[in-house]
Amino acid sequence: MLRRKHGLIVVMVVVAETVWVVVRVQLRDTDFRILSSSELFFVMKKFHLSIVVTNQCNLRCSYCYEQSKTAKRIRIDKAKSIVAQYLNSPEYDEVEIDFFGGEPFLEFQTIKEVCEWVWSQDWKNKYIFFATSNGTLIHGEISEWLREHKDRFWVSLSLDGTKESHDKNRCSSFDRIDLDFFRECWPRQTVKMTISKETAPELYRDITYIHSLGFPITGTNFAEGLDWKDENLVQTVFKQLELLAEFYIKNPQYEVVPLLNMAIYKCEAKERNKWCGCGETMAAFDTDGKIYPCTFFTPMTFSKEQLKALEGINYSDAELFIDNECFDNCYLSPVCNCCYGANYLTTGKINSRDRSKCELIKIRAVFSAAIKAQRIIEKPDDTYENALTIRAISRINELYNH
Ligand code: SF4
Ligand code: SF4
Ligand code: SF4
């Protein structure tokens, strides 16, 4: 994959392994198993409930996979009854209620009425409200209401980086987002960014820009449905991630973006788990009140026929979601992002991964390993996760850094 063995990574791996050997002779072995994220979700009995309040959006981002933007919107009584069902459910302790679209704030009055109705009474389960928004409508009455309720209503912002990058695919909407408002209300505001062919050459600049705003980046996705195999594009992403890895190594105070923060220890503790809780610990209700496994598997993305073909699937059966070719042959399969909705969109099967991103995954793993090595050198705690991480760093170096 790499044109030459990458010196930065070799040095980090050698030093991390040496530090680790010293730690292991000083401290005793630990023997416990790390719970997977879905197991943690079950232990906490937490449910992620998405309510699609509208199928409509005021933007037309070039990479949007929601192709069916109809004028449908949810009725307020329907939204209230769905929320009530989960807030009183004996099966859960905590519910995250996410208003989704399209652009959810097109239906601000529905959101407001549902939230104020919920806040006016007691419920069995704890809860928090969220919305995933493009930010462009959050002004005036909406921002005043959000400011008043900022401790119990969070907005996750979609932001692709600097104005220049953001405007390339998101309808020149950068200037319509009041970033100061987001910084004031939620200083730890989470940001989701989508990387496209047009913005990949400025990935380093875009991510460091979002860091400079003080926002943690919780989502970094390569746009779906594009061919990411192009050699020039792969080399472009490589150079950008190399710069970013050096940035994180020199600046350990920054929270590493998910793109370079792969949980590589999982490659050593290889388990046949599902990647996410779709259809199990999460559900999405469309505007007509019909339930779907998550927001990806809704009529905004798939046709009736495509959704019908998925009826009857047991979402608790992890085996149905595993790409066996990847599991058997690829060391990185436990950390290779797997969105079953994206699989279905690109390959027609929920368990069949899009191979066009393989090279990107390998580059991400190599630089994630270098950053993990640096973190272990700085803080060589004797944890089971670190023990597995050290093994994974060496293995990734052997397999992909050549
Ligand atoms: S803001 Fe979101 S829903 Fe609207 S077009 Fe862009 S990606 Fe699609
Ligand atoms: S990197 Fe490619 S081969 Fe490996 S798990 Fe991901 S999709 Fe499969
Ligand atoms: S299928 Fe994709 S969109 Fe749905 S919950 Fe899983 S990762 Fe998220």
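Of all helices (runs of 4 or more DSSP H) completely enclosed by region 300-402, which ones contain at least 3 residues that are small (G, A, S) and out of contact with any Gly (no Cβ under 7 Å at 6 or more places or on another chain)?
Once the helices (runs of 4 or more DSSP H) in region 300-402 are filtered for at least 3 residues that are small (G, A, S) and out of contact with any Gly (no Cβ under 7 Å at 6 or more places or on another chain), what remains is 358-378, 384-400.
Is there a residue being free of Cβ contacts under 8 Å to residues at least 24 places away in the same chain and within 14 Å of ligand 3 (Cβ to nearest atom) anywhere in region 332-348?
yes
Looking at region 300-339 only, could you name the residues that are crowded, with 20+ Cβ neighbours inside 10 Å and more than 22 Å from S356 (Cβ to Cβ)?
M300, Y315
What's the total number of residues in region 156-168 that are crowded, with 21+ Cβ neighbours inside 10 Å, not in a loop (DSSP other than H, G, I, E, B) and not hydroxyl-bearing (S, T, Y)?
Number of matching residues: 2.
Select, from I111, I138, the only residue that is buried (at least 19 other Cβ atoms within 10 Å of the Cβ), of a type in the set (A, V, I, L, M, F, W, C) and within 19 Å of G219 (Cβ to Cβ).
Details: I111 fails: within 19 Å of G219 (Cβ to Cβ).
That would be I138, the only listed residue that is buried (at least 19 other Cβ atoms within 10 Å of the Cβ), of a type in the set (A, V, I, L, M, F, W, C) and within 19 Å of G219 (Cβ to Cβ).
How many residues are hydrophobic (A, V, I, L, M, F, W, C), over 17 Å from F174 (Cα atoms) and under 25 Å from the mean Cα position of the chain (by Cα) if we restrict to region 130-158?
So in region 130-158, the residues hydrophobic (A, V, I, L, M, F, W, C) come out as 130-131, 137-138, 142, 145-146, 153-155, 157.
Filter again for over 17 Å from F174 (Cα atoms), leaving 130-131, 142, 145-146, 153-154.
So of that shortlist, the ones also under 25 Å from the mean Cα position of the chain (by Cα) come out as 130-131, 146, 153-154.
Result for region 130-158: 5.
Which number in (1) without any contact (Cβ under 8 Å) to a residue 12 or more places away in the chain; (2) touching a Cys at 6+ places or on another chain (Cβ under 8 Å) marks the one condition that Y315 misses?
Unmet condition: (1).
Under the condition of being surrounded by fewer than 21 Cβ atoms within 10 Å (Cβ to Cβ) and small (G, A, S), which residue from region 248-299 is farthest from ligand 1 (Cβ to nearest atom)?
Restricting to residues being surrounded by fewer than 21 Cβ atoms within 10 Å (Cβ to Cβ) and small (G, A, S), the top hit is A269.
What's the total number of residues in region 266-289 that are assigned to a loop (DSSP other than H, G, I, E, B) and either polar (S, T, N, Q) or away from ligand 3 (no atom under 16 Å from the Cβ) (or both)?
10
Here are some residues: I361, I390. Which one is of a type in the set (A, V, I, L, M), closer than 23 Å to G219 by Cα and surrounded by 15 or more Cβ atoms within 10 Å (Cβ to Cβ)?
Of the residues listed, the single one that is of a type in the set (A, V, I, L, M), closer than 23 Å to G219 by Cα and surrounded by 15 or more Cβ atoms within 10 Å (Cβ to Cβ) is I361.
Could you check region 119-129 and list, in sequence order, the residues that are surrounded by fewer than 17 Cβ atoms within 10 Å (Cβ to Cβ) and either hydroxyl-bearing (S, T, Y) or more than 22 Å from the chain's Cα centre (by Cα) (or both)?
Correct list: W119, S120, Q121, D122, W123, K124, K126.
Go through region 115-174 and give me each residue that's in contact with a strand residue (DSSP E or B) (Cβ under 9 Å, 6 or more places away or on another chain) and either among the basic types (K, R) or at positive phi (or both).
K126, G135, R152, G161, R170
A short reminder: the numbers here are calculations on the coordinates, not readings from a lab. All values reported here derive from a predicted model rather than from experimental measurement. Backbone-built Cβ (ideal geometry, glycine too); neighbour counts: all protein chains shown.
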